[in-house]
1. From the backbone phi of the stretch 10-19, what are the Karplus-calculated ³J(HN,Hα) couplings (6.51 cos²θ - 1.76 cosθ + 1.60, θ = phi - 60°) in whole Hz, Gly and Pro given as x?
2. With every protein chain kept in place and ligands, DNA and RNA left out, what is the accessible area per residue of the chain? Probe 1.4 Å, answer in Å².
3. 7 Å from Cα along Cα→Cβ at both Thr72 and Ala261: what's the point-to-point distance in nm?
4. What does the extension gain come out to for Ser217 and Ala147, with contour length at 0.36 nm per residue minus their alpha carbon separation?
5. Counting only pairs 8 or more residues apart or on different chains, how many lysine pairs in the chain have their Cα atoms under 24 Å apart?
6. Kindly give the semi-axes, whole Å and largest first, of the ellipsoid equivalent to the stretch 100-165, taking each as the square root of 5 times a Cα gyration tensor eigenvalue.
7. From a point 7 Å beyond the Cα of Arg384 in the direction of its Cβ, which residues of the stretch 129-159 have a backbone N at a distance under 15 Å?
8. What's the local net charge at Ser362, with K and R +1, D and E -1, over the other residues with C-beta under 15 Å away?
Amino acid sequence: MGKRVSHGFRVIGLISGTSVDGIDVAAADLHAEEDTVVLTPLGELDVPYPEPLREGLLAALPPNPCTAGELTRLDTGVGQAFADAALRGAVELAGGTADIVASLGQTVFHWVEDGSVRGTLQLGQPAWIAERTGLPVLADLRARDVAAGGHGAPLASTFDQLWLRGLAEDAGRPVAALNLGGIANITVVTAGAPAVAYDTGPANALLDLAAHRVTGSRSDLDGRLALSGSVRPDLLVRLLADPYFAAPAPKSTGKEYFNAAYLDAALDGLPPVTAADLLATLTELTAVSVAEQCHLHGVTTVIASGGGIANPALMTALARNLPSAVLKTSDDLGLPGAGKEAYLTALLGWLTWCGVPGTVPSATGARGPRLLGALVPGAGPLTRPAPLGGAVTRLRVAEKAG
């Protein structure tokens, strides 16, 4: 019997995270060898939103009001921006062409009631991407999991469970993948057990909000302001008392919860907090809330990725709160940390394209694994590959040839 090797596909992955600063683009070649997905990163891009579009998106986020007309304009604008980014990805990263595009869009609302997700809305009409690139597009990748009773997040659990399984087996202890975007989320991978994944709380969402308030900049560059301040214990205790942090998994959240109104309520009635102390305290909030969950699961190795890994104040705070754990970045394991979510999106697209469910029910809380996404045909006839035979249980990141 020969080794089972599937035909490879070149996929462009697109996502804009809860920081709403632009579009992450990644190109990857993916194929299966026996039970292992082999992902070869071809490169990644960070494509900023046009400033008027970014301002429009921020103005539409809760608790701000937003009309159906404005949502329609934003859906079109984001779709066109994603289309341009996808074309750049194909030309600049993928040698001029690809087989499919996968898009996670721009989340603008995650509807959570009583700990359950009732719906989720991502903007970025995929027809614009298909029209601009001529490629089939898999989009709306969260909705099916929500319809099956899940949170539709964190979908990083799909990537992390496959990618870190071998590391967890070798370590003999739980390993956590940590994403530091607008919201922080972890995936805990333990040998011989289903993965657990959920949003731990805010990361850059509150940090960027506070930085913009006090400096006018989009973020606290290099964590300079936070590093110059001191943690305010009274504010930190009030923030950590929020019931979200103690709620059991599965759970998910977003800027509809951790937003300006949330920060104002936390500051209300406290003695004045300096700008530096505010950033230091919010940085500590992220570090403490992540560390508490890692301690809960007995995690001894943490693999971090996302925009937050570029913030020395946040990484220092994490290391201080995780003294007995090894803290690494995904770059240390061969996967560019800044593009991890875009590579995740590419993986999700490949899984659906090959007929493989793209969810981890133990992480999202869904009733079972589901094929994800809605498919928009490209310029030519839609020819799907034969479903991939056999289970996929691991992921290996390969080096780009040449």
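The values are calculated or read from the model by the stated rules, or taken from the named source; none is laboratory data. Because the structure is predicted, anything quoted here is derived from the model rather than measured. In this analysis, Cβ positions are derived from the backbone assuming ideal geometry, glycine residues included, and neighbour counts consider all displayed protein chains. Please note that ligands, DNA and RNA were not included when accessible areas were found on the heavy atoms of the full protein model with its side chains. Shrake-Rupley method; radii C 1.70, N 1.55, O 1.52, S 1.80 Å.
1. For the stretch 10-19, the Karplus curve yields 9, 10, 9, x, 10, 7, 10, x, 6, 6 Hz.
2. Numbers: 16100 Å² over 402 residues.
That works out to 40 Å² for each residue.
3. 2.6 nm
4. On the way: separation 70, 0.36 × 70 = 25.20 nm, distance 3.85 nm.
This chain segment gains 21.3 nm when fully extended.
5. Working: Lys3/Lys400; Lys251/Lys340; Lys255/Lys340; Lys328/Lys340; Lys328/Lys400; Lys340/Lys400.
Pairs that pass both the separation and distance tests number 6.
6. Numbers: eigenvalues 112, 62, 14 Å².
After diagonalising the Cα gyration tensor, the semi-axes are 24, 18, 8 Å.
7. Residues 136-139 fall inside that zone.
8. Details: positive: Arg165, Lys251, Arg367, Arg370; negative: Asp145, Asp160.
After counting each charged neighbour, the total is +2.
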